[in-house]
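Input: a single structure, listed below in structure tokens.
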Amino acid sequence: MLSFLTARQTGVDDPVRLRRAESTRRVLSLELNHDRDVERIHGNGVNCIDIEVIEGRYMLSGGSDGVIVIYDLENSTKKSHYTCKAVCTVGRSNRHVHKFSVETVQWYPYDTGMFVSSSFDKSMKVWDTETLKPADVFQFDGNVYCHHMSTIARKHSLIAVGTKDPKVQLCDLKSGSRIHVLQGHRGEILSVQWSPRYEHILATASTDGRVRMWDVRRAAGSLFTLDQFNGDKSKASSEAVNTAHNGRVNGLHFTDDGLYLLTTGTDDRMRLWNSATGHNTLVNYGKVVNESRKGVKFTVSRGCSPEFVFVPCGTSVAVYGLYTGELVTTLRGHYNNVDCCKFHPDYQVLYSGGKDCNILAWVPVLRQPDVEDEAKTGGAQAAVNPAFEDAWSSEED
Amino acid sequence: MDQETRDKLSELVEELTTSGEPQLNQAKMKEVKKICKISNDYIDHFYHLIMTQLNQDHAEVRFSAFQMATELFSRSHHFRVVLVANLQEFLELTVETDAEQPLPPPKEVARKLKTQAIQTVQAWHTTYGEAYKKLALGYHFLKQVKKVDFQDVEARTLSERRRHEEKQQRLERIYKEKLEKAKQEMEEMASEIEESLTEMNNCMTLIMPDTFNFFSTSLNEKTSEGSSDRQKGTDVWDEKPCCSKDLNKEDGKMAETSQREEEKEDNNGDSDTEEGVDEDVFIRSSGLMSHTYRLNLSVSSDLNVKENDENEALVNTMRDQHRLITTRYLPVIQSWIQVFTKVGVEEQLMRQATDLKKSLEKVLRKHDELHIDYKTRQRRVLKAEDDEDDDDFEEVPEKEGYEPHIPEHLRAEYGLDSISSPSTSVSELKPSKPAEQPAAPPMPSTFSRIKNRLNEEEQDPTCAAATLRVLKEKVATSASIFGGSVKPTTSCTEQGGGEEKAPVVPFGMDLYYWGEEQPTAGKIIKNTSQHQFWVPHEVEEEFENKELSAQMKSRCINFAGCFQPVEHKCKAPNPNGSLCERQDRVKCPFHGLIIPRDEIGRPINPEDAARLEREEYKRREEQPDWRDPELMREIEAATGEDLGSSKTYGKGKKGGKGKGKKRKYPNLTDLKQTANTSRSRLEKKVFNKSSMRRVAEVMNKMDTRKHEKFANQFNYALK
């Protein structure tokens, strides 16, 4: 740490290095922290969460009962213990609330005054954060599994929507209409994601086991399909040609730089692809338990030198090294299946929501005090919290 | 970490968890705690042991493991940390949070485990919830997602509660129906019961006026009044004031009870009519010595009513009513009351029912106190026949030809003297009917005259006397011929002397033809042809069976001899040092032939000893030395392989021990044991292979019969 600091001061190192090293260290020490709570608003499972990128202060969460809550993550009390307060809620009593489970919520990337939510009630709503009223509603023919807005787009304001229909819908916020469909999939679209590097590149994942890359400027068809065998026909059975997974593909995520694409499928695999070529990098993550029939929202760390990926895996969140495929740790804290997780890049805090109605904050554990004053602080800590003391009765001697 | 202590800890945990007891053994638990106190490493080990035991598919094991966990949870911070870190699994295994992983059987223990676990989690939460975040999360999870009501003692989840409610409702409905039914029944039957009650009461008062509260009931008072009047008429003025000698008991009672009234009346009468009359007059008129004369009668409350002709009808009705009440009304009322108490019906109905029951019971008690002496049924029937005097036919005992038993008083009629026949003397020895009155003996003069007349009559073959005489003669001759007197009925009087020596044997064919030539003995007549006149000529119609003829002539008598108790004992030395106590005659089932032995069980005769030695050697041969059971058991324990030590040796010695495979943890409830219900037994019968095959065969046969090949050919022939 000190060497990093001096190197940074003297200008030997790239300024990013210190940051990266420190954030990696913090990510590795993620733990369920006693000091950070998230207010319990949801009465049912939490399906999705999203943290806005402008301030990194507000978090959206959508529940399986249609409720949408906005939390304030900023701790301005200057105390170590902090409960994230709900700023506002689209509750069941709200006139405009989604009738059924909210599947995806996303902040508008440029302004917290707007967010988009899509639900199983076959609609996608564009909300005004101030008034908590939908500014626009898109109706679809089937359940909406997912939607995504490009975080870097400057030339378009398209929302890609995956529904029960095999066609990927593109909705334009400018005109408020569905302007385009992308045809090619044969099953329900479980996940869509815009590339964070090229604003016209879109990846979609479907129940037919295929993942397609699109250039939305080209109407004819997809650019290419990801193939788990990298075109080696001899290994694939006839049905498995050009598939990314052997089961449903229900999770899709670009790395932060957009060079790689991660997919998860119900064959309990996670794969890392080169997003430019569609080449399977063949990183082996081992078995990633995944039985969800809906989309799985996993996340990738940002600003660490070896990046990490956080995947909901049963009742826990598994942390893998992105390029090594090594299981770093398992974060256990939920009492029921975990549905979504989101990484806060500024504070290296991970938020996860699950079917047990909880949103848990996984906060890096602060550095342990140095060796010399351990005894003193240890005693002080015990004095503070008697529950940590041992209570052996004297009779057992 | 010390390996030895570690092993000991594992052993202790296993012992404690497989004990199957609802409570932990405190001493062992203390030891566990002592070990865990040494260092956190042991706690880690203990935690792993506990989790493995919690994963066992046996609720008792889990329950014990859970109890141990709670013990340590309150003690050690480190244990709390490791347990809370994996609280999900812990809850899954104890509180059944995962519906796909239900708690294992046995059910009661599982339920107990769940209840206790929920309560414990709550207790933990209140003490440690602040400090351990996951504990608080788990508590909230149980509370909000699993909807466990922690206030509810039963600690049930929502669905369970709903199911319980439904069950309750169903039961309520059933009870309601029952209640309605009972109400209706009661309405219908109340009047009936009342009727029979009054009937019973009336009968009782008629038979026996209520003696215990004579002055309270108006009805009884009336009767007593009436009876006292009657008494006055009969007793008092006959100057026999209260002599109960020729009154039966009940009358006596009436007399007693009316005594005071009488006295009063007497006094009044005296004072009214003859005022100032001296005592003599009074004595003369009343028979009492003084005015202050008091008579105290002690009346035993023990009643005894005898059924006789007068009260027969009453008693009959009473008996019927009694039966009706005990068999019908009381059970019915009992069931009503049960229903009422279960449902919690309004006061009035309940009271009505209990009142009914009380009054019925009271009546029954009264009835019992009467101690009615019922006549037996047979007598009643006979009596009924007797009563029908106008019946044309009179039932007469069978009498045809020889009559072995002639009543004493009819003897003269038959021309017999009263002691002549031994058969009658026998019959006299055991009188059949005590009620029978002995007839007065006939006068000697008339007797001789009658006898003369009867002698003449004896010549007449149509007369009963003649047959009798013939029979008598026959008996006399046969008795004289037999000599040995095998017929006790005839011989006992004539030959009293030989009686003791002669054996008594059952009657047989040989006795029937005693001393006579039996011409047909052993001859069998074959009637081969039933035809009227056609007969196969070569067939011999008669042939003699030697065996049969021998049987007719001889008798075989089994000589059993007399029982001689066995004096000796086996006395072979037992493995436990004692001597065999068996007293078999020849051979002991355990030690073979019984031979004379000395005090310590050694054979006295040298040849016996040699023989035993040889036998022992032979047995050793069969059971080779290396199969020494102790050795084998040791080897088995060391290697873990079954060498069969349990079955090789010690058939005689072990005896009591079961041969079945020993279970690993005998204290736990055996889960594999199938329930021995009527259903399972039936299943065993019905679904066993052979019976299934049999049924299938029969069904197949029936099927094939349906499609017989040329069954309906005539149909086609007509076309």
Projected-area average for segment A:74-167 over all orientations - Cα convex hull basis, square nanometres: 8.0 nm²
Helix A:15-28 vs. chain A, principal-axis angle (Cα, 0 to 90°, nearest 10): 80 degrees
Sorted peptide list for B:359-370, A:97-108, A:309-320, criterion being average Cβ within 10 angstrom, highest first: A:309-320, A:97-108, B:359-370
Distance (nanometres) between label positions extended 7 Å along Cα→Cβ at B:MET699 and B:LYS147: 4.4 nm
Surrounding net charge for A:GLU31, when Lys and Arg each add one and Asp and Glu each subtract one, Cβ distance under 12 Å: +4
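Stokes-Einstein diffusion coefficient for chain A at 4 °C in a medium of 1.567 mPa s, Rh from the Kirkwood formula over Cα pairs: what value in µm²/s?
For these conditions, the coefficient is 58 µm²/s.
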Per-residue average of Cβ from other chains inside 10 Å of A:331-343: 3
Sequence of A:ASP208, A:ASP346 once ranked by neighbouring C-beta atoms within 10 Å, starting from the fewest: A:ASP346, A:ASP208
Rounded to whole Hz, the Karplus (6.51, -1.76, 1.60) HN-Hα couplings of segment B:682-692, x for glycine and proline: 4, 4, 4, 6, 6, 9, 6, 4, 5, 5, 4
Residue pairs, from the table A:LYS79/A:LYS342; B:LYS33/B:LYS133; B:LYS107/B:LYS143; A:LYS164/A:LYS294; B:LYS107/B:LYS178, whose Cα atoms sit over 20 Å apart: A:LYS79/A:LYS342; B:LYS33/B:LYS133; B:LYS107/B:LYS143; B:LYS107/B:LYS178
0 to 90° range, to nearest 10: angle between helix A:374-384 axis and chain A longest Cα axis: 80 degrees
For A:TRP273, distant residues with modelled amide H under 5 Å away: A:LEU261, A:LEU262, A:THR263, A:THR281
Cut-off 12 Å between beta-carbons: net charge of the residues surrounding A:MET59, Lys and Arg +1, Asp and Glu -1: -3
Contour excess over end-to-end distance, with Cα ends at B:TYR175 and B:THR341 and 0.36 nm allotted per residue: 58.7 nm
Shape metrics for segment B:1-111, restricted to C-alpha atoms - Rg then Dmax, Å: 13.5, 41
Cα→Cβ-extended label distance, 7 Å offset, between B:TYR617 and B:LYS167, nm: 7.3 nm
Subset of B:LYS523/B:LYS553; A:LYS99/A:LYS125; A:LYS85/A:LYS125; A:LYS297/A:LYS355; A:LYS355/B:LYS134; A:LYS122/A:LYS155 violating a 18 Å alpha-carbon distance limit: A:LYS85/A:LYS125; A:LYS122/A:LYS155
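What is the mean number of Cβ atoms from other protein chains located within 10 Å of the Cβ atom of each residue in peptide B:78-89, rounded to a whole number?
So the per-residue partner count for this stretch is 2.
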Fewest-first sequence of A:SER119, A:SER76, A:SER23, B:SER74 by Cβ atoms within 10 Å of each Cβ: A:SER76, B:SER74, A:SER23, A:SER119
Pairwise Cα inverse-distance average, inverted: Kirkwood Rh of segment A:168-216 (Å): 11.4 Å
Antiparallel bridge percentage (DSSP; both residues within chain A; nearest 5): 95 percent
Where a label projected 7 Å from the Cα of A:ARG17 along Cα→Cβ would reach, residues of segment A:279-317 with amide N under 16 Å: A:304-306
Total formal charge among the other residues, if their Cβ is under 9 angstrom from that of A:LEU190, Lys/Arg +1 and Asp/Glu -1: +2
Relative exposure of B:HIS58, B:HIS371, B:HIS140, judged by other C-beta atoms within 10 Å (fewest first): B:HIS371, B:HIS140, B:HIS58
Expected 222 nm ellipticity per residue - DSSP helices of 4 or more, -39500 (n - 2.57), all of chain A, to 500: -2500 deg cm²/dmol
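Each reported figure results from applying straightforward, stated rules to the coordinates on display, with no laboratory input. None of the values given here were measured: they were computed from a predicted structure. Neighbour counts are summed over all protein chains in view; Cβ atoms, including those assigned to glycine, are modelled from backbone coordinates with ideal geometry.
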